[in-house]
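> I'd like to ask some things about the structure below.
The values are calculated or read from the model by the stated rules, or taken from the named source; none is laboratory data. Please read these numbers as outputs of a predicted model, since none were measured by experiment. Note: ideal-geometry Cβ built from the backbone for every residue, glycine included; neighbour counts use all protein chains shown.
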């Protein structure tokens with residue numbers, strides 16, 4: 001049986017993940033970096049406090065990214081924008097639920113390995129779902145709509161709260 005640290009994998013940005021929009025691609029690179037950071041913490045037995053701080057940072061940046069992506073989808077007339085936004089809400093909910101569960105189980109200076117292996121595995125599974133199901137299968141679906149615009153284009157509504 002694989003333990004969470006055995007099954008951790010480092011996500012890599014590849015051009016095949018590009019939606020051909022600089023802002024979204026930059027967001028996805030940063031999200032991959034944050035996910036890799038959390039996975040490294042799970043593999044190297046960081047403190048629970050460090051883990052929850054990293055998960056909070058991931059949640060904060062995810063919210064910024066989702067707002068930007070949803071504004072762009074609205075501006076380009078992406079027909080699946082509404083269902084895509086619902087998927088964003090689901091991913092956000094899962095991330096907050098896992099973080100809350102970790103906080104409720106943590107005691108003082110516990111390390112990540114004090115958490116149940118099933119919980120650590122759920123975090124890794126969420127990240128796999130995020131990359132495989134959401135970025136690869138869902139985000140790339142709007143690529144034909146966004147490719148009609150220059151790669152550096154973002155509507156004014158998507159520029160609010162940018163993180164450059």
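> What are the residues in the range 119-135 that are touching a helix residue (DSSP H, G or I) at 6+ places or on another chain (Cβ under 7 Å) and in contact (Cβ under 8 Å) with a residue 24 or more places away in the chain, if any?
120, 121, 122, 123, 124, 126, 127, 130, 134, 135 - these are the residues of the range 119-135 that are touching a helix residue (DSSP H, G or I) at 6+ places or on another chain (Cβ under 7 Å) and in contact (Cβ under 8 Å) with a residue 24 or more places away in the chain.
> Return the residue satisfying two criteria in turn: it lies in the range 16-30 and is under 15 Å from residue 131 (Cβ atoms) and assigned to a helix (DSSP H, G or I), and of such residues it is farthest from the chain's Cα centre (by Cα).
By that ranking, first place goes to 16.
> Checking the conditions here, which among 63, 16, 54 is within 26 Å of residue 100 (Cα to Cα) and surrounded by fewer than 16 Cβ atoms within 10 Å (Cβ to Cβ)?
63
> Take the residues in the range 112-158 that are more than 22 Å from the chain's Cα centre (by Cα) and within 24 Å of residue 40 (Cβ to Cβ), then tell me which one is surrounded by the fewest Cβ atoms within 10 Å (Cβ to Cβ).
In this case the residue turns out to be 116.
> I've got another one for you. Mind checking whether some residue in the range 37-51 is under 14 Å from residue 128 (Cα atoms), at pLDDT below 90, in a helix (DSSP H, G or I) and over 15 Å from the mean Cα position of the chain (by Cα)?
no
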